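Nothing in this text is a laboratory measurement; each read-out follows from the coordinates by a stated rule. The model shown is predicted, which means the values in this text are computed figures rather than measured ones. Reconstructed Cβ throughout: ideal geometry from the backbone, glycine too, with neighbour counts over all protein chains shown.
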Amino acid sequence: MSIYEVASLCHTSPASISRFCKRIGDISFKDLKNACIDYNEMIESELDMEVTLESEKIFNIPSYFEQIINSLKQTEQLIELPLIHKALSLINQADKIAFFGATYSQIVAKNAQIKFTRLQKYCSSFTTEENQLIEAESLSKNDLAFIISFSGTTKHIQRVSKRISQKNIPAIVLTSDAHASICHHADVVLKVSKIKNEHFNSPVIQEYAMNSIINVLYLTYAKQVLQNK
């Protein structure tokens, strides 16, 4: 539907629809439509109805916690201290840290932004694709792009990564796939476990792995801040 069709059905003007989009998230009507498409696809494909007969396996509480524990153990084994130190050095040197992520990874990005802002770092984390691309465009070589994508295949994040690479902006990537295209030009690639619950699109397992690496960086950086006081 066009903005004129939506306005007509809502008994208002196209300008009012535009103002509504601006007010709810500083987005355009096109962004609103894309967000609705993404949301509807996410809802429709959240649960694989073909595996409902395995519901005992899906909703087994001990099994769920075992998966989380195994994911965290694997993530711990994937940690390379030289890469952690290099990431911390980039964070320390950056005038500004821009955290990028789509859908659920954006929640991890927002969590990271809040944590490092509390440590007196200038950080940003925008929710819409348009604003993230604008932010990528505005970064300088004194800034740092922190790109978060569990799969590394999200189209929007690939576009952000490509622009960051073209501008030669220092970049850290947090992902489960170190061979993804978003890692090709990163200064640091931090890996997490690939364990996930195959029955759901929501990151009921992988969110813990991604946040654990954010917390490792946050706690280690906080320690450095305290030691330098």
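Brief remarks follow.
- A cut-off of 5 Å between modelled amide H atoms, ignoring neighbours fewer than 5 places along the same chain, links residue 100 with 146, 147, 148.
- Over the chain, dividing the summed -39,500 (n - 2.57) contributions of all DSSP H runs of at least 4 residues by the number of residues returns a 222 nm mean residue ellipticity of -17500 deg cm²/dmol.
- Leading residue at positive end of dipole, the chain (Cβ point charges), from 209, 67, 2: 209
- Values [x] 133; [y] 215; [z] 151 are given for comparison; volume of the Cα convex hull per residue in Å³, derived from the coordinates here, is the one labelled [z].
- Rounded to the nearest 20 debye, the dipole size of the chain about its Cα centre is 1160 debye, using +1 on the Cβ of Lys and Arg and -1 on the Cβ of Asp and Glu.
- Straight Cα distances below 21 angstrom link residue 167 to the lysines 86, 96, 141, 155, with same-chain residues fewer than 8 positions distant left out.
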